[in-house]
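Worksheet: the structure to be examined is printed underneath.
The values are calculated or read from the model by the stated rules, or taken from the named source; none is laboratory data. Since the model is a prediction, treat every value here as computed from it, not as a measurement. Ideal geometry is used to build each Cβ from the backbone, glycine not excepted, and the neighbour counts take in all protein chains shown. Accessible surface areas use protein heavy atoms only, side chains included; no ligands, DNA or RNA. Shrake-Rupley method; radii C 1.70, N 1.55, O 1.52, S 1.80 Å.
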Amino acid sequence: MERKKNKQPKLHIRKGDTVKVIAGNSKGKEGVVLEVVPSKLRAVVEGVNIVTKHVKPSATNPEGGIEKTEAAIHISNLMLKDPATGEATRTGRKADDKGKLQRYSKKTGEIIKNG
């Protein structure tokens, strides 16, 4: 019998979160998460992991040239910034009064609002 995979893994970061890069070429940089790709466990962060891309001339862009864009970075290299203190923190999940899981900061214990 074949095992079923979860449709979408639960991640510790979401779109709109402010994160800090803890590993890689962009280590120490901070930015806002623009996009999360759960299937590949990657996220695109504003101003982080900038790559240059050579663009061919086309009808819309007759000049062509070199564009600088943000590339996706693995989420294991990102750490959420605590909204209360502004420091990087680990996150956990705990149920609120209604039984819904909420993310919370392991440093301060405060609930992290979505987005």
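For the subset of segment 79-115 comprising residues that are open to solvent by 40 Å² or more (accessible area, probe 1.4 Å) and aliphatic (A, V, I, L, M), which member is nearest to the chain's Cα centre (by Cα)?
79
Suppose we keep only residues that are touching a Ser or Thr at 6+ places or on another chain (Cβ under 7 Å) and closer than 15 Å to residue 89 by Cβ within segment 9-36. Which one would you say is least open to solvent (accessible area, probe 1.4 Å)?
12
Checking the structure you have, find out if any residue of segment 54-72 is touching a residue at least 24 places away in the same chain (Cβ under 8 Å), in contact with a Lys or Arg (Cβ under 8 Å, 6 or more places away or on another chain) and surrounded by 12 or more Cβ atoms within 10 Å (Cβ to Cβ).
Taking every residue of segment 54-72 in turn, at least one turns out to be touching a residue at least 24 places away in the same chain (Cβ under 8 Å), in contact with a Lys or Arg (Cβ under 8 Å, 6 or more places away or on another chain) and surrounded by 12 or more Cβ atoms within 10 Å (Cβ to Cβ).
I need a count of the residues in segment 40-75 that are of a type in the set (Ser, Thr, Tyr) and in contact with a helix residue (DSSP H, G or I) (Cβ under 8 Å, 6 or more places away or on another chain).
0
For segment 84-111, which residues satisfy the criterion of being assigned to a loop (DSSP other than H, G, I, E, B), under 22 Å from residue 28 (Cα atoms) and in contact with a strand residue (DSSP E or B) (Cβ under 6 Å, 6 or more places away or on another chain)?
Once the filter is applied, which keeps residues that are assigned to a loop (DSSP other than H, G, I, E, B), under 22 Å from residue 28 (Cα atoms) and in contact with a strand residue (DSSP E or B) (Cβ under 6 Å, 6 or more places away or on another chain), segment 84-111 yields 106, 107.
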